[in-house]
Amino acid sequence: MASEKLVLVVDDDPVARLLAANIVRSLGCVALEAGTAAEATRLLNERKPDLVILDGLLPDTDGLRWLRKQRSEGNAVRVLFSSAFWQDLGSHRTLTDELDVSAVLGKPMGPGVLARSITDALRPRPSVPPVAR
Amino acid sequence: MSLATAPLRSHLRDGEMAPFPDVSALPILDQELVDELCRLAPLCDKDFLQSLLGEFAQSAGQSIGAMRAGVLAHDAKAIGNAAHRLRGASSSLGAVRLSRACIAVEKTLRGSHGALNLEKLQNTVDEALEALRIRFARE
């Protein structure tokens, strides 16, 4: 994996955040951490991370609402969405189809699952050939 | 009545006292997940496992404290939020018995009846912390 990728971990649970941040660093990336949506917004705008690992439940809003707002403002950052309520298929479709989430991860997840998901999400996307005029 | 076994009075009818969920048949830890954490440790920050343990102890203490305050205030939402936080922290570290106990608390609250035995929940936190301490010390 290319080094020095910036990954923002957004989770109000300090245990989950510490764990995810260490997994990010173990992959050679730089981890930024936010415990609230407000802090996440600040870091997103100031540091422009390559990937956001976003928890579904935050103290000041929920992850879905936060992400919808970022997309509506034109931010196309890659996102891994983690939630204990991932079985909600309605939200799952919204996340992948409407909000272009790279993957939805059910909590709890093992460190290996998260590491693989981060690696996959940071892979270069195939370039789309220009549309012929 | 002691705070340790306080029912959620605003949600209870007389005589309705659900027992603390019997989670004793479950293992304290998900060994597979904990082993995975230990394998990760050499790639992580120095004292990674001790930091995780410290954060977990602090977070669990805060959650139990919030539940006690919620019981005193008859605030089922505050208790549920604290149980949810404790569930998240415990499941991240593979503390399955504690995680299941927290799920049971959340279900009890949703079902609008039941009793919250904070003493037993505290014991479940303590046994999870001790098991993790012993396991991490081997690394």
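Given the criterion in a helix (DSSP H, G or I) and under 12 Å from the mean Cα position of the chain (by Cα), identify the matching residue among B:69, B:78, B:57. Outline the logic, then answer.
On the way: B:69 fails: under 12 Å from the mean Cα position of the chain (by Cα); B:78 fails: under 12 Å from the mean Cα position of the chain (by Cα).
Result: B:57 is the single residue among B:69, B:78, B:57 that is in a helix (DSSP H, G or I) and under 12 Å from the mean Cα position of the chain (by Cα).
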Among the residues of the range A:1-54, write down those that are among the small types (Gly, Ala, Ser) and either at pLDDT 95 or above or surrounded by 18 or more Cβ atoms within 10 Å (Cβ to Cβ) (or both). A:16, A:20, A:21, A:26, A:31, A:34, A:35, A:37, A:38, A:40
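From A:78, A:65, grab the single residue that is among the charged types (D, E, K, R), closer than 19 Å to residue A:32 by Cβ and modelled with pLDDT of 90 or more. First the steps, then the outcome.
Numbers: A:65 fails: closer than 19 Å to residue A:32 by Cβ.
So the residue among A:78, A:65 that is among the charged types (D, E, K, R), closer than 19 Å to residue A:32 by Cβ and modelled with pLDDT of 90 or more is A:78.
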Which count do you get for residues in the range B:24-50 that are facing chain A (nearest Cβ under 10 Å) and not in a helix (DSSP H, G or I)? 3
Exactly one of A:21, A:38 is facing chain B (nearest Cβ under 10 Å) and assigned to a helix (DSSP H, G or I), and that residue is A:21
Filter result (within 14 Å of chain B (Cβ to nearest Cβ) and surrounded by fewer than 22 Cβ atoms within 10 Å (Cβ to Cβ)) within the range A:59-75: A:59, A:60, A:62
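The values are calculated or read from the model by the stated rules, or taken from the named source; none is laboratory data. Everything numeric here is computed off the predicted structure, so don't read it as measured data. Because the Cβ atoms are built from the backbone with ideal geometry, glycine has one as well, and the counts that use them run over all protein chains shown.
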